[in-house]
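Q: Sharing a structure, written as structure tokens. Questions coming.
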Amino acid sequence: MSDLLQTIDIETAPNPSVAIIWLHGLGADGNDFVPLVRELDLAGLPAIRFVFPHAKTIPVTINGGYVMRAWYDITGAELTRREDETGLRDSQRDVEALIAREKARGIPASKIVLAGFSQGCAMTLQTGLRHPEKLAGMLCLSGYLPLNEKVVHERTEESIDTPIFMAHGRQDHVVPFLRGEQSRDILKELGYTIDWHAYPMQHSLCFEEVQDISAWLKKVLA
């Protein structure tokens, strides 16, 4: 078993009964979404433990082999050609270990949300769709479904009941909007319930999106 990833943990109140494991994008680290905790409207929700892990550092082909934090290698702009299946599955095990730690700390899988932006979104789907228990939700921002031809055979029956929030910017030039729509449609065909949102933005977050995330969290965690 690999060493547990380093994380930044923030608890909104003592004795949290809910966990949100939030996965950053390529080249960022766990600090990237820490400020978002203050921006979310969490009124009425139980105490939450936000877990912001740091991905391992690896050479990233599309960036000239520069070593940076990444969940898996990216070889080209098309994203789904020559996917780094080994890296995806290695990071999947890392994320599963974080889920296991939250369960050991007393939070059941049904109260754990997996969240991620860009590469972190891909890892949320890579892990959540294959997890052998229903999670509280998958929060998927500005990303895509990796290994999409294999997920039909690898997804678990338990994951079908996990709510999925997907959001994408219409002007996203990093992960094209079409890629997000295609991922949504594949998941719908597989029977997943998708709460889909599109925004007039690039590869980022916007205020309206933060409001929608807050409302969705209240729905799945209340």
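Q: Of all trypsin sites (Lys or Arg not before Pro) in the stretch 1-82, which ones are in loop regions per DSSP and have a Cβ with at most 12 other Cβ atoms within 10 Å?
A: Taking the stretch 1-82 and a limit of 12 other Cβ atoms within 10 Å, the loop trypsin sites (Lys or Arg not before Pro) found are ARG81, ARG82.
Q: Let me know the volume per residue of the alpha-carbon convex hull for the stretch 133-177, in Å³.
A: 75 Å³
Q: Hey, could you get me the Stokes-Einstein D for the stretch 56-165, Kirkwood radius over alpha-carbon pairs, 10 °C and 1.306 mPa s, rounded to whole µm² s⁻¹?
A: 111 µm²/s
Q: Students often get this wrong, so check it: of LYS188/LYS218; LYS111/LYS218; LYS103/LYS134, which have C-alpha atoms separated by over 18 Å?
A: LYS188/LYS218
Q: Please list, by residue number, every one of the trypsin sites (Lys or Arg not before Pro) in the stretch 132-222 that is coil in DSSP and has at most 16 other beta-carbon atoms within 10 Å.
A: Those that pass, being in a loop and sparsely packed, are LYS150, ARG170.
Q: Using DSSP to call loops (not H, G, I, E or B), can you name the GluC sites (Glu not before Pro) in the stretch 31-111 whose Cβ has at most 16 other Cβ atoms within 10 angstrom?
A: Here the sparse-neighbourhood loop sites are GLU78.
Q: State the antiparallel share, in %, of DSSP beta bridges confined to the chain, rounding to the nearest 5.
A: About 25 percent, rounded to the nearest 5.
Q: Oh, and also: Need one number: % antiparallel among DSSP beta bridges in the stretch 32-155, to the nearest 5.
A: For the stretch 32-155, the DSSP antiparallel bridge percentage is about 45.
Q: Evaluate 2.2 N^0.38 Å with N set to the residue count of the stretch 72-123, then give the Cα radius of gyration divided by it.
A: Ratio of Cα Rg to 2.2 N^0.38 Å: 1.36.
Q: Let me ask you something else. Lys and Arg at +1, Asp and Glu at -1: add these up for the other residues within a Cβ distance under 12 Å of PRO46 and post the number.
A: Net charge around PRO46: +2.
Q: Quick one, which of (1) 31, 18, 16; (2) 41, 22, 15; (3) 24, 20, 18 is the actual semi-axes √(5λ) of the Cα gyration tensor in Å calculated for this model?
A: Matching the structure shown: (3).
Q: Same structure again: Name the shape class, rounded, prolate or oblate, that the alpha-carbon gyration tensor gives for the stretch 103-159, where a ≥ b ≥ c are the square roots of its eigenvalues, rounded holds for a/c under 1.5, and otherwise prolate holds if a/b is larger than b/c and oblate otherwise.
A: It comes out oblate by the Cα gyration axes.
Q: Taking the Cα centre of the chain as origin, work out the dipole magnitude from +1 charges on Lys and Arg Cβ and -1 charges on Asp and Glu Cβ, in debye rounded to 20.
A: Using only the charged Cβ atoms, the result is roughly 260 debye.
Q: What number comes out for accessible area per residue over the chain if the probe is 1.4 Å? Units Å², please.
A: In whole numbers, the chain has 44 Å² accessible per residue.
Q: So if I place +1 on the C-beta of Lys and Arg and -1 on the C-beta of Asp and Glu, and nothing else carries charge, what would the dipole magnitude of the stretch 144-222 be about its Cα centre? I want it in debye, nearest 20.
A: With only Lys, Arg, Asp and Glu charged at Cβ, the dipole is about 140 debye.
The values are calculated or read from the model by the stated rules, or taken from the named source; none is laboratory data. Just so we're clear, the structure is a prediction, and the values are computed from it rather than from any experiment. Cβ atoms come from the backbone with ideal geometry, glycine included; neighbour counts cover every protein chain shown. Side chains are part of the model used for accessible areas, which takes the heavy atoms of the whole protein and leaves out ligands, DNA and RNA. Shrake-Rupley method; radii C 1.70, N 1.55, O 1.52, S 1.80 Å.
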